[in-house]
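The values are calculated or read from the model by the stated rules, or taken from the named source; none is laboratory data. Treat the numbers as computed from the prediction; the structure is a model and nothing was measured. In this analysis, Cβ positions are derived from the backbone assuming ideal geometry, glycine residues included, and neighbour counts consider all displayed protein chains. The accessibility values were calculated without ligands, DNA or RNA, using every heavy atom of the protein model including side chains. Shrake-Rupley method; radii C 1.70, N 1.55, O 1.52, S 1.80 Å.
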Amino acid sequence: MTEFAQKICVACQPDAEPATQVEIDNFLTDNADWSLIVPDEIKCIKKVYKFDNFEEALQFTNLVGEVAEQEGHHPEIITEWGRVSVRWWSHKIANLHLNDLILAARCDQKYSLMWRCT
C-alpha cells in the first residue's frame with residue numbers, strides 16, 4: 001500500500017498511457033482487498049470498506065472526497081449504511097491509469113488512519 005501511496009500523480013491527458021498490466025498486478029498483489037473489474041469494457045479497481053454505522057461510512061466518504069479533490073481526480077463513491085464502495089478509473093482514457101492505483105492506496109491510508117483514531 002505505502003509504495004503506491006507515496007508516488008506522485010500526474011495530470012492525465014486523453015492520450016495518456018494506461019497503467020501497465022505489471023503495475024496493476026503489483027498493486028492487486030499488495031492490496032488484495034481491491035478487485036479488478038471491467039464494466040462496459042473499461043478496466044476499474046473497486047473496494048468495499050466496512051463500517052459499524054452510517055456516520056462512520058459518511059466520514060470516510062468525505063475523506064475519500066478530500067483525496068480526490070487534492071488531485072483533481074474523482075472516483076465513483078457509493079455510501080450506504082455500514083459500507084462505502086469506491087471505484088477508480090480514469091475517465092479521459094476509459095481505462096486504469098497509474099493515478100488510480102496511487103489514489104486507491106491513499107484511500108487505504110485514510111481508512112487505516114481513521115480506524116487508528118477511533
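Pull up segment 86-102, narrow it to residues that are touching a strand residue (DSSP E or B) at 6+ places or on another chain (Cβ under 6 Å) and of a type in the set (A, V, I, L, M, F, W, C), then point me to the one that is most open to solvent (accessible area, probe 1.4 Å).
W89
Mind checking whether some residue in segment 55-66 is touching a residue at least 60 places away in the same chain (Cβ under 8 Å) and open to solvent by less than 20 Å² (accessible area, probe 1.4 Å)?
No, there is no match, as no residue in segment 55-66 is touching a residue at least 60 places away in the same chain (Cβ under 8 Å) and open to solvent by less than 20 Å² (accessible area, probe 1.4 Å).
Within segment 69-87, is there a residue that is in a strand (DSSP E or B) and in contact (Cβ under 8 Å) with a residue 40 or more places away in the chain?
yes
Would you tally the residues in segment 78-118 being in contact with a His (Cβ under 7 Å, 6 or more places away or on another chain), farther than 15 Å from I42 by Cα and among the hydroxyl-bearing types (S, T, Y)?
So the answer is 0.
In segment 23-61, what residues are more than 15 Å from N95 (Cβ to Cβ) and in a strand (DSSP E or B)?
Correct list: S35, K47, V48, Y49, K50.
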